[in-house]
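Chemist: This is the structure I have questions about; it appears just below.
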Amino acid sequence: MTLTETILARASGRARVEPGDNIWVNTDVLLTHDVCGPGTIGVFHREFGRDAKVWDREKIVIIPDHYIFTADSLSNRNVDILRDFVREQHLPYFYDVIDDPEGHWQFDAARGQLKRQYGRSFAGVCHTALPEKGHVRPGEVLFGTDSHTCMAGAFGEFATGIGNTDAGFILGTGKLLIKVPETMRFYLDGALQKGVMAKDVILHVIGEIGFDGATYRAMQWQGPGASALGMDDRMTITNMAIEAGGKNGIFAADQTTFDFVDARCAANGTKADYQPAELSRDQRFVYDQAFDLSALEPTVAMHPNPGNRALAKTLGHITLDRAYIGSCTGGKTSDFLAFAEIVRGKRVAVDTFGVPATPGVVDDLHKAQWNGRSVWQWLEEAGVQMTENASCAACLGGPVDTFGRMNKPLTCISATNRNFPGRMGHKDSKVYLASPYTVAASALAGRISDPREFL
Amino acid sequence: MSDQLTARVFVVGDNIDTDQIIPAQYLTLLPTVPEEYALLGSYAMIGLPEGAYPTKFITPGTQETEYVVMVAGKNFGCGSSREHAPIALGAAGVRAVVAQGYARIFFRNSVATGEVFPYESVDRLCDVLKTGDEVTLDFSNDTLTHAGTVYALKPLGEVRPVVEAGGIFAYARQTGMIPAAS
């Protein structure tokens, strides 16, 4: 069996499953946030009753992250709905914006967008926060009410996005009926050239198979090139399985994974035992392709979809209005360090917005020093508008006062993961997806640029 | 339900993602609150670029559409997992989508909520039909008829009774899989 089949067989209490089997699986973690949590809670109360209790308090993780730093009153209300539910159900894993369990969240627009407006428990973007806070473990089954839940497949677990109704069902029962996906294998060999990042790998692959090329399927990453990648890079790759239509993306757990997971579970006091899925010799793939990482070049997904691939070096004619770095896939510490490597001591030529994925990333960038100045300072001095308010922000547009949102038909290069029409705001705006290196180089030049010229 | 549905169609192309069906700024609305459910419907398909889609989907001055059947190309409903997408269509009055293909989560959410019948067409109907055309869907024979021509649809199979019941919870209660509502 493939990694996905092995995990799903175990989670359904079977010795073996085949692609196409419809099976009931047990959930290890259910993740939800401020956009889909209130609706999920509404379904739970409607279907199981006002007095119903969730199936397992320890297995629910609630991370408000989407529409937080906005004066939109419905958005603020939605965070309050989560808090009320957490209090009603006594849930231990709620990463609230404020620290007062009896309080109400209200964003203070007068204090501006840049300085932090959250308490100690806030965790930032759910997919990046989930591993930081010790909620990913190899071999587990994670369902989340967000399509980028697939990011946690980097840790050797089965992780996929679901809707509110399915999530409401899980809240009550802990179970979900799913179809076992066929698996596609992507075998990575060689090492990335300087200036080429994990983001280029996934943009290359989506361009290869098409942005519906993995619909209903698992994307399994293997080979020496996969094993050599660190956790941040693996997360960047599995995050975008959904951008090829995939049900999940998955790497085999190895020592790199165990070291990361064990440290986070210990630091946060979360469940520390797990049973990884082993790579088997008996695996059947519906697609099996090798990729030589050393042959890849900085890659861009052009407007209007993530499969619309071109090499950065061929797009010098695309002039830009702005650049953006942030999100679950592109707002990690390593992403900002790569970005800062290019822009340090220089000046961006277009409006450039930086939104760290988590408060942990904000702290890392304040602490990391280059020549006596923090990376955060280097970024600000290069002209990047950096906010401490870690959230999904303009990656998905959001309310009109969202930091970095395109409220006009502008052209933006972005380290985020999705570029369908209107994704970052105005429906006639255009988004080009690229690695942090390529976004940084392009921000300096004011047009899409190959970062290798800047390193 | 009746086995036939005669309605006018709204036609869109390939890769209509959930941001075009219901843009992210409207996700603050809660589908389980009736007034907000209706508002979600009033914003259905508002993310379509007007250049490519000059016809308004929602009838001006109302919260509903006159196009009860949505016809689409490949990969309908790709992108975000927001259940608000099939809900917005259902709330606007859409009963069925006939697409050449679906993104996985949209299809699943359509069935789970029972908001719309997600039919797959055999032919590329988005190239054959125009917005405003009248069609008849036949749920017993899995066909779409337009101007005397009958087009085969892929059978809904087990999906039909679930959507007919009003989603997975209603279906599970009807069939005794879970206890009836107290």
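Chemist: Please specify each residue of region B:14-30 satisfying the condition of being within 7 Å of another protein chain (Cβ to nearest Cβ) and touching a residue at least 60 places away in the same chain (Cβ under 8 Å).
Modeler: B:ASN15, B:ASP17, B:ASP19
Chemist: Just checking, how many residues over region A:367-396 are away from chain B (no Cβ under 14 Å) and within 21 Å of the chain's Cα centre (by Cα)?
Modeler: Going through region A:367-396 one residue at a time, the tally reaches 5.
Chemist: Listed residues A:ASN22, A:ASN76; which is surrounded by fewer than 20 Cβ atoms within 10 Å (Cβ to Cβ), at pLDDT below 95 and more than 25 Å from A:CYS265 (Cα to Cα)?
Modeler: None of the other options fit; the residue is A:ASN22.
Chemist: Would you mind finding the one in A:GLY163, A:GLY112, A:GLY174, A:GLY156 that is in contact with a helix residue (DSSP H, G or I) (Cβ under 6 Å, 6 or more places away or on another chain), at positive phi and not basic (Lys, Arg)?
Modeler: From the options A:GLY163, A:GLY112, A:GLY174, A:GLY156, the qualifying one is A:GLY156.
Chemist: Please determine whether any residue of region B:43-62 is surrounded by fewer than 20 Cβ atoms within 10 Å (Cβ to Cβ), at the interface with chain A (Cβ under 10 Å from one of its Cβ atoms) and either among the acidic types (Asp, Glu) or touching a Lys or Arg at 6+ places or on another chain (Cβ under 7 Å) (or both).
Modeler: Yes, there is a match, as at least one residue in region B:43-62 is surrounded by fewer than 20 Cβ atoms within 10 Å (Cβ to Cβ), at the interface with chain A (Cβ under 10 Å from one of its Cβ atoms) and either among the acidic types (Asp, Glu) or touching a Lys or Arg at 6+ places or on another chain (Cβ under 7 Å) (or both).
Chemist: Of (1) part of a loop (DSSP other than H, G, I, E, B); (2) free of Cβ contacts under 8 Å to residues at least 40 places away in the same chain, B:ALA172 satisfies all except one. Which?
Modeler: For B:ALA172, the exception is condition (1).
Chemist: Same structure, new question: Keeping to region A:351-371, report how many residues are among the aromatic types (Phe, Trp, Tyr) and either open to solvent by less than 10 Å² (accessible area, probe 1.4 Å) or under 15 Å from A:THR416 (Cα atoms) (or both).
Modeler: 1
Chemist: Continuing with the same structure: Would region B:161-169 turn up any residue that is more than 23 Å from A:LYS175 (Cβ to Cβ) and either away from chain A (no Cβ under 14 Å) or surrounded by 16 or more Cβ atoms within 10 Å (Cβ to Cβ) (or both)?
Modeler: Yes, region B:161-169 contains a residue that is more than 23 Å from A:LYS175 (Cβ to Cβ) and either away from chain A (no Cβ under 14 Å) or surrounded by 16 or more Cβ atoms within 10 Å (Cβ to Cβ) (or both).
Chemist: Does A:PHE258 qualify as being closer than 27 Å to B:ALA103 by Cβ, away from chain B (no Cβ under 14 Å) and open to solvent by 10 Å² or more (accessible area, probe 1.4 Å)?
Modeler: Answer is no for this residue.
Residue by residue, here is whether (1) out of contact with any Leu (no Cβ under 9 Å at 6 or more places or on another chain); (2) more than 9 Å from every other protein chain (Cβ to nearest Cβ); (3) outside any helix (DSSP H, G or I) holds:
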residue	(1), (2), (3)
B:SER81	yes, no, yes
B:ILE87	no, no, no
B:VAL94	yes, yes, yes
B:ARG108	yes, no, no
B:ALA112	yes, no, no
B:TYR119	no, yes, yes
B:LEU129	no, yes, yes
B:LEU137	no, yes, yes
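Chemist: Filter region A:405-418 down to residues that are within 14 Å of chain B (Cβ to nearest Cβ) and either open to solvent by 10 Å² or more (accessible area, probe 1.4 Å) or over 13 Å from A:SER327 (Cβ atoms) (or both), then give me how many there are.
Modeler: Within region A:405-418, residues that are within 14 Å of chain B (Cβ to nearest Cβ) and either open to solvent by 10 Å² or more (accessible area, probe 1.4 Å) or over 13 Å from A:SER327 (Cβ atoms) (or both) number 4.
Chemist: Mind counting the residues in region A:234-253 that are more than 18 Å from A:LEU3 (Cβ to Cβ) and away from every other protein chain (no Cβ under 14 Å)?
Modeler: 1
Chemist: Only one of A:ILE81, A:ILE68 is assigned to a helix (DSSP H, G or I), open to solvent by less than 60 Å² (accessible area, probe 1.4 Å) and in contact (Cβ under 8 Å) with a residue 24 or more places away in the chain; which? It would help to see each step written out before you state the result.
Modeler: On the way: A:ILE68 fails: assigned to a helix (DSSP H, G or I).
Only one candidate qualifies: A:ILE81.
Chemist: Does A:VAL400 count as part of a helix (DSSP H, G or I) and modelled with pLDDT of 95 or more?
Modeler: no
Chemist: Do we find that B:GLY101 is open to solvent by less than 20 Å² (accessible area, probe 1.4 Å), facing chain A (nearest Cβ under 9 Å) and free of Cβ contacts under 8 Å to residues at least 60 places away in the same chain in this structure?
Modeler: When the stated conditions are applied, B:GLY101 passes them.
Chemist: Out of (1) under 24 Å from A:ALA228 (Cβ atoms); (2) open to solvent by 50 Å² or more (accessible area, probe 1.4 Å); (3) of a type in the set (S, T, N, Q); (4) in contact with a strand residue (DSSP E or B) (Cβ under 9 Å, 6 or more places away or on another chain), what's the single condition that is false for A:THR319?
Modeler: Just one mismatch for A:THR319, condition (1).
Chemist: Taking region A:130-148, which residues are out of contact with any Phe, Trp or Tyr (no Cβ under 7 Å at 6 or more places or on another chain) and either within 13 Å of chain B (Cβ to nearest Cβ) or at positive phi (or both)?
Modeler: A:GLY134, A:PHE143, A:GLY144, A:THR145, A:ASP146, A:SER147, A:HIS148
Chemist: So which residues in region A:334-359 are over 13 Å from the mean Cα position of the chain (by Cα) and in a helix (DSSP H, G or I), if there are any at all?
Modeler: Result: A:SER334, A:PHE336, A:LEU337, A:ALA338, A:PHE339, A:ALA340, A:GLU341, A:ILE342, A:VAL343, A:PRO359.
Chemist: Continuing with this model, one more query. Only one residue in A:PRO421, A:PRO399 is open to solvent by less than 10 Å² (accessible area, probe 1.4 Å), closer than 26 Å to B:TYR26 by Cβ and within 14 Å of chain B (Cβ to nearest Cβ). Which one?
Modeler: Going through A:PRO421, A:PRO399 in turn, the sole match is A:PRO399.
Chemist: Go through region A:331-342 and give me each residue that's touching a Gly at 6+ places or on another chain (Cβ under 8 Å) and either closer than 20 Å to A:ARG447 by Cβ or open to solvent by 10 Å² or more (accessible area, probe 1.4 Å) (or both).
Modeler: If the condition is that a residue be touching a Gly at 6+ places or on another chain (Cβ under 8 Å) and either closer than 20 Å to A:ARG447 by Cβ or open to solvent by 10 Å² or more (accessible area, probe 1.4 Å) (or both), then A:THR333, A:SER334, A:PHE339 are the ones that fit.
Chemist: Name the residue, out of A:GLY134, A:GLY119, A:GLY124, that is outside the structural domain of A:LYS247 (by TED's automatic domain parsing), touching a Pro at 6+ places or on another chain (Cβ under 6 Å), over 28 Å from A:ARG46 (Cβ atoms) and not in a helix (DSSP H, G or I).
Modeler: A:GLY124
Chemist: Have a look at B:LEU29, B:LEU40 and point out the one that is touching an Asp or Glu at 6+ places or on another chain (Cβ under 9 Å) and within 27 Å of A:PRO304 (Cα to Cα).
Modeler: Of B:LEU29, B:LEU40, the one residue that is touching an Asp or Glu at 6+ places or on another chain (Cβ under 9 Å) and within 27 Å of A:PRO304 (Cα to Cα) is B:LEU29.
Chemist: Please tell me if A:SER414 is among the hydroxyl-bearing types (Ser, Thr, Tyr) and over 18 Å from the mean Cα position of the chain (by Cα). Even if it seems obvious, please write down each step before you answer.
Modeler: Numbers: among the hydroxyl-bearing types (Ser, Thr, Tyr): yes; over 18 Å from the mean Cα position of the chain (by Cα): no.
Here the answer is no, as A:SER414 does not meet what is asked.
Chemist: Another question, if that's okay. When only residues in region B:1-13 that are of a type in the set (A, V, I, L, M, F, W, C) and under 16 Å from the mean Cα position of the chain (by Cα) count, which is nearest to the other protein chains (Cβ to nearest Cβ)? Explain how you work it out, then say what you get.
Modeler: We begin by selecting, within region B:1-13, every residue of a type in the set (A, V, I, L, M, F, W, C); these are B:1, B:5, B:7, B:9-12.
Next, only the ones that are under 16 Å from the mean Cα position of the chain (by Cα) stay: B:5, B:7, B:9-12.
On the way: B:LEU5: 23, B:ALA7: 25, B:VAL9: 22, B:PHE10: 17, B:VAL11: 17, B:VAL12: 12 Å.
Of everything passing the filter in region B:1-13, B:VAL12 is nearest to the other protein chains (Cβ to nearest Cβ).
Chemist: Could I ask something else about it? For region A:409-455, what are the residues that are free of Cβ contacts under 8 Å to residues at least 40 places away in the same chain and among the small types (Gly, Ala, Ser)?
Modeler: Those that are free of Cβ contacts under 8 Å to residues at least 40 places away in the same chain and among the small types (Gly, Ala, Ser): A:GLY422, A:GLY425, A:SER429.
The values are calculated or read from the model by the stated rules, or taken from the named source; none is laboratory data. Note that the coordinates shown come from a computational prediction; the quantities given were computed from them, not determined experimentally. Positions of Cβ are generated from backbone atoms using ideal geometry, with glycine treated the same way; all protein chains shown enter the neighbour counts. Protein only, heavy atoms only, side chains kept; ligands, DNA and RNA dropped before computing areas. Shrake-Rupley method; radii C 1.70, N 1.55, O 1.52, S 1.80 Å.
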